[in-house]
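Written below as structure tokens is the structure these notes are about.
The values are calculated or read from the model by the stated rules, or taken from the named source; none is laboratory data. From a predicted model like this one, the values you see are computed outputs, not experimental measurements. Cβ sites come from the backbone with ideal geometry, for glycine too, and all protein chains shown count toward neighbours. Areas reflect the complete protein model, heavy atoms only, side chains present, ligands, DNA and RNA absent. Shrake-Rupley method; radii C 1.70, N 1.55, O 1.52, S 1.80 Å.
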Amino acid sequence: MNLVQQQLRSQIKTYVWIIIIGLAISGLTAFPLESELAWLTHHSGALPVGMQKWLNMIYEAIRQTNQQYPYLSYGTDWLAFAHVVLAILFVGPLIDPVKNIWVIQFGMIACVLIFPLAFIAGPIRHIPVFWRFIDSSFGVICFIPLWLTYRSVKKLEKLPANSQSMSFL
């Protein structure tokens, strides 16, 4: 493997690990929503008043719902599970980035689709505009390492085929 291939593989590995860790953290933090929101509402003094009110309202809704209808949180458990499973999906590009470039493309498409979801479902669900922008920011933030990965994989793909499909977990 030549130096350029090593550099590209190193870049790809770094970017993909950022995506995997981000998805895993996002998923794992969706399980304890009530306790996380309790902590956040008790430490939200530095946030704008509108955001503090929103977070308090969401915390109360989740707290009351969990008391009366705990099974509804099963939906967010599945959301958390989906994030963890998606993180596992990105192991494919770690093993063979050229062959599994479709996973990176899938991720970029998912990031773009965050925007219509946030701005179509947001008003229907009475989500404030500032929160829709926060939700959309995750699409932008995740798109960056995905795009960088995609670009590096395309460069790697153009190089001679020796050692391109070697695993580098």
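Within the same chain, lysines fewer than 8 places from LYS155 are excluded, and of the rest, those with a Cα less than 27 Å from its Cα are LYS13, LYS99. Since only ASN2, VAL49, HIS126 are under comparison, the one whose Cα sits farthest along the positive direction of the charge dipole of the chain, derived from C-beta charges on Lys, Arg, Asp and Glu, is ASN2.
Given +1 at the Cβ of Lys and Arg, -1 at the Cβ of Asp and Glu and no other charges, the dipole of the chain around its Cα centre is 580 debye to the nearest 20.
Our coupling estimate for the stretch 15-30, obtained by passing each phi through the Karplus curve with A = 6.51, B = -1.76, C = 1.60 and θ = phi - 60°, is 4, 5, 5, 4, 5, 4, 5, x, 5, 5, 5, 4, x, 5, 7, 7 Hz, Gly and Pro reported as x. Solvent-accessible area per residue in the stretch 1-83 equals 64 Å², computed with a 1.4 angstrom probe and all protein chains kept. Dividing the summed -39500 (n - 2.57) terms of all DSSP H runs of n ≥ 4 by the residue count of the chain sets its mean residue ellipticity at 222 nm at -24500 deg cm²/dmol.
Over the chain, the Kirkwood radius and the radius of gyration, each from Cα atoms, give a ratio Rg/Rh of 1.08. Along the positive direction of the dipole of the chain (beta-carbon charges: Lys, Arg +1; Asp, Glu -1; about the Cα centre), which of TYR69, LEU117, ALA30 reaches farthest? Of the options given, the answer is LEU117. Inter-part distance, the stretch 1-61 to the stretch 137-151, computed on C-alpha centroids, equals 15 Å. Put simply, the amide H of LYS99, placed in the peptide plane, has no neighbours under 5 Å, leaving out anything fewer than 5 places away on its chain.
If you wrap the stretch 1-89's Cα atoms in a convex hull and average its projection over all directions, what's the area in nm²?
Values: hull surface 32.1 nm².
Taking a quarter of the hull surface, the average projection is 8.0 nm².
Placing unit charges on each Cβ (+1 for Lys and Arg, -1 for Asp and Glu) gives the chain a dipole about its Cα centre, and among THR14, CYS142, VAL85 the Cα reaching farthest toward its positive end belongs to THR14. The share of accessible area on the chain that comes from carbon and sulfur is 71 percent, using a 1.4 angstrom probe.
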